[in-house]
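K.L.:
I have a structure here, written as structure tokens, and I will follow up with some questions on it.
The values are calculated or read from the model by the stated rules, or taken from the named source; none is laboratory data. These numbers were taken from a predicted model, which means no experiment stands behind them. Glycine also receives a Cβ, built like all others from the backbone with ideal geometry; neighbour counts cover every protein chain displayed. Side chains included, ligands, DNA and RNA excluded: accessible areas come from the protein's heavy atoms. Shrake-Rupley method; radii C 1.70, N 1.55, O 1.52, S 1.80 Å.
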Amino acid sequence: MSQEWVYTLVFLAWLLGASLFVVGLHFMNSPATARRGNQISATGMTIAVVATLVHLASQGALSTTALSIIVVGFVIGGGAGLWLARSVAMTAMPQLVSLFNAVGGGAAALVAIDDYLRVLGTEEETVSTAVFVVLGVVIGCVTFTGSLIASGKLQGIVSGKPILVPGGRLVTVVLAALAVLGFVGLVFGAGGAASLDETAKLVVLGVIIASALVFGVTMVLPIGGADMPVVISLLNSFTGTAAAMAGFVINNPVLIVSGALVGAAGGILTKLMADAMNRSLMNIIAGGFGGGEGTVAEAGPGGTVRELTVDDAAIQLAYANLVIVVPGYGLAVAQAQHALRELADVLEARGVEVKYAIHPVAGRMPGHMNVLLAEANVPYPQLKEMDEINPEFERADVALVVGANDVTNPAARRPGTPISGMPILDVDKAKSIIVIKRSMGRGYAGIDNELYTNPKTGMLFADAKKGLTELTAAVKAL
């Protein structure tokens, strides 16, 4: 078979793999079909990898050394991935996703760097190559260090509160300026408009790499932990974009398509997440919010806080017809999803209908709350998105809020507050409200939650896991 026919078949296989990525992404739109979407996408990736190996073999580029390196890479990477997938708890999935973002961004940057070193000083060093190399390096390096910092914040290795770098904004501007100047230098150098020798180009590339790596750190450090869902989504988009740039560098269509899909999907999700918080993306990146968990606030305007005992809360739950659970960031931090499911099982055994209200920015990453509850075997039909569940709060006997804050604050309906206009869950319309929370701590917006001073609200001050466990025992005792 001629090389032309082989390449045609390889190209068709690449297109099939890319098509499966699209289909898989569609199935990931729902928690009920997300597993199937992952399987379809994995099949597409397998086809793309096998086709690439066939293409390399047909080009005579698959030497014994190259094949050995590829096999060793498969064993190490595949083994590490399998071990992580089996050993990492679902509550730690956001940290793992951030690490995956870092690995993806770093890999894309290395591909671009390697290809630039290969074409440097040859006829292949064109303006388009220089453009895609620099974009791939910058986006990949920013993603690499930014994702490591995000993962550290989620894991608790780095403080979840905003960390202000001395002169941070000036440093960020200087780094961005260096990257832009380097970009211009390499592009004009490739086009012959600038007289840069190979050594000078390598120095410029080194400056770009260093600037991008530091930029990733200074960008994410000032962002608080509660804003991590948006940051993770944004970095995921960066990873896809960097991969697409690497695809242009090495002229691989499946990498371009898959990278563009991830970049576009991540970008759209980032916009949706920012809108759900009623904040602009630039406002989030500027930092300063998201570190308010654990701070003590005064009672909100127009009322006082009413504290509940475990027994009082258990009686309300046990004799309700409909209970709507509102899980939030505090549930994820306390890793209390199994305790919540146990309480729901006990209530359902008594004939209580239980539903879960999922806000778009609940948890520590996009879709994290769905994953947490699914890991605790909460039935998918009970997970209700905000638009679907809001009309049902009026007939709910009890709304049980576990660790959620700003997404339940009625102040969002009034103008003049930091969260004005933010879509919220209509918890205050329930007949009775129970809030499980460690303290009167504020959310990312840094304002009091007016729900806590609502006459219908009772505060059960406890760690989410401990509080839910005690509630379960109290309900069983009735």
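K.L.:
Being more than 17 Å from residue 104 (Cα to Cα), in contact with a helix residue (DSSP H, G or I) (Cβ under 7 Å, 6 or more places away or on another chain) and either open to solvent by 20 Å² or more (accessible area, probe 1.4 Å) or of a type in the set (Lys, Arg) (or both) narrows it down to one of 196, 213, 255, so name that one. Before the answer, list the steps.
P.N.:
Values: 213 fails: more than 17 Å from residue 104 (Cα to Cα); 255 fails: more than 17 Å from residue 104 (Cα to Cα).
None of the others qualify; the one that does is 196.
K.L.:
Also, I was wondering about something else. Within the stretch 42-51, does at least one residue satisfy the condition of being over 28 Å from the mean Cα position of the chain (by Cα) and farther than 22 Å from residue 259 by Cα?
P.N.:
Of all residues in the stretch 42-51, those over 28 Å from the mean Cα position of the chain (by Cα) come to 50-51.
This time we only want the ones that are farther than 22 Å from residue 259 by Cα, so: none.
So far as the stretch 42-51 goes, no, none of its residues is over 28 Å from the mean Cα position of the chain (by Cα) and farther than 22 Å from residue 259 by Cα.
Rundown of residues vs (1) of a type in the set (D, E, K, R); (2) free of Cβ contacts under 8 Å to residues at least 24 places away in the same chain; (3) assigned to a helix (DSSP H, G or I), yes/no style:
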{"site": "60", "(1), (2), (3)": "no, yes, no"}
{"site": "66", "(1), (2), (3)": "no, yes, yes"}
{"site": "86", "(1), (2), (3)": "yes, yes, yes"}
{"site": "125", "(1), (2), (3)": "yes, no, no"}
{"site": "132", "(1), (2), (3)": "no, no, yes"}
{"site": "138", "(1), (2), (3)": "no, no, yes"}
{"site": "141", "(1), (2), (3)": "no, no, yes"}
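K.L.:
Related question: Take the residues in the stretch 258-269 that are crowded, with 20+ Cβ neighbours inside 10 Å and modelled with pLDDT of 85 or more, then tell me which one is nearest to the chain's Cα centre (by Cα). Give the steps one after another, and end with the answer.
P.N.:
Restricting attention to the stretch 258-269, the residues satisfying the condition of being crowded, with 20+ Cβ neighbours inside 10 Å are 258-259, 262-263, 266, 269.
Within this subset, residues satisfying the condition of being modelled with pLDDT of 85 or more are 258-259, 262-263, 266.
Values: 258: 18, 259: 16, 262: 12, 263: 13, 266: 9 Å.
This residue is 266.
K.L.:
Among (1) surrounded by fewer than 17 Cβ atoms within 10 Å (Cβ to Cβ); (2) of a type in the set (A, V, I, L, M); (3) more than 26 Å from residue 148 (Cα to Cα); (4) modelled with pLDDT of 90 or more, there is one condition residue 47 misses while meeting the rest; what is its number?
P.N.:
Condition (1) is where residue 47 drops out.
K.L.:
Could you tell me how many of the residues in the stretch 312-360 are in a strand (DSSP E or B), without any contact (Cβ under 8 Å) to a residue 60 or more places away in the chain and not basic (Lys, Arg)?
P.N.:
Quick first cut of the stretch 312-360, residues in a strand (DSSP E or B) only: 322-327, 353-358.
Pick out the ones that are also without any contact (Cβ under 8 Å) to a residue 60 or more places away in the chain and you get 353-356, 358.
Still in the list and also not basic (Lys, Arg): 353-354, 356, 358.
So the answer is 4.
K.L.:
Quick one: count up the residues across the stretch 361-392 that are without any contact (Cβ under 8 Å) to a residue 40 or more places away in the chain, in a helix (DSSP H, G or I) and either in contact with a Phe, Trp or Tyr (Cβ under 8 Å, 6 or more places away or on another chain) or within 25 Å of residue 154 (Cβ to Cβ) (or both).
P.N.:
2
K.L.:
Oh, and also: Could you tell me which residue of the stretch 340-361 is modelled with the lowest pLDDT, considering only residues that are open to solvent by 10 Å² or more (accessible area, probe 1.4 Å) and in contact with a helix residue (DSSP H, G or I) (Cβ under 8 Å, 6 or more places away or on another chain)? Reasoning before the result, please.
P.N.:
Our first condition is that a residue be open to solvent by 10 Å² or more (accessible area, probe 1.4 Å); within the stretch 340-361, this holds for 341-342, 345-346, 348-351, 353, 355, 360-361.
Still in the running and in contact with a helix residue (DSSP H, G or I) (Cβ under 8 Å, 6 or more places away or on another chain): 341-342, 346, 350, 355, 360-361.
Working: 341: 95, 342: 95, 346: 95, 350: 93, 355: 95, 360: 82, 361: 78.
Of everything passing the filter in the stretch 340-361, 361 is modelled with the lowest pLDDT.
K.L.:
So, of the residues in the stretch 324-339 that are closer than 26 Å to residue 233 by Cβ and of a type in the set (Val, Ile, Thr), which turns out to be surrounded by the fewest Cβ atoms within 10 Å (Cβ to Cβ)?
P.N.:
The initial filter retains those residues of the stretch 324-339 that are closer than 26 Å to residue 233 by Cβ, namely 325-337.
Applying the additional criterion that residues be of a type in the set (Val, Ile, Thr) yields 325-326, 333.
Values: 325: 26, 326: 26, 333: 21.
For the stretch 324-339, the residue satisfying everything is 333.
K.L.:
From 419, 447, which residue is over 18 Å from residue 332 (Cβ atoms), in a loop (DSSP other than H, G, I, E, B), open to solvent by less than 10 Å² (accessible area, probe 1.4 Å) and modelled with pLDDT under 90? Spell out the reasoning first.
P.N.:
Numbers: 447 fails: open to solvent by less than 10 Å² (accessible area, probe 1.4 Å).
Of 419, 447, the one residue that is over 18 Å from residue 332 (Cβ atoms), in a loop (DSSP other than H, G, I, E, B), open to solvent by less than 10 Å² (accessible area, probe 1.4 Å) and modelled with pLDDT under 90 is 419.
K.L.:
Would you confirm, using the coordinates I've provided, whether residue 396 is touching a residue at least 24 places away in the same chain (Cβ under 8 Å) and more than 29 Å from the chain's Cα centre (by Cα)? Outline the logic, then answer.
P.N.:
Working: touching a residue at least 24 places away in the same chain (Cβ under 8 Å): yes; more than 29 Å from the chain's Cα centre (by Cα): yes.
Yes, satisfied.
K.L.:
Okay, moving on. Quick check on this structure: which one of 230, 180 is part of a helix (DSSP H, G or I) and without any contact (Cβ under 8 Å) to a residue 60 or more places away in the chain?
P.N.:
On the way: 230 fails: without any contact (Cβ under 8 Å) to a residue 60 or more places away in the chain.
Testing whether each residue is part of a helix (DSSP H, G or I) and without any contact (Cβ under 8 Å) to a residue 60 or more places away in the chain leaves just 180.
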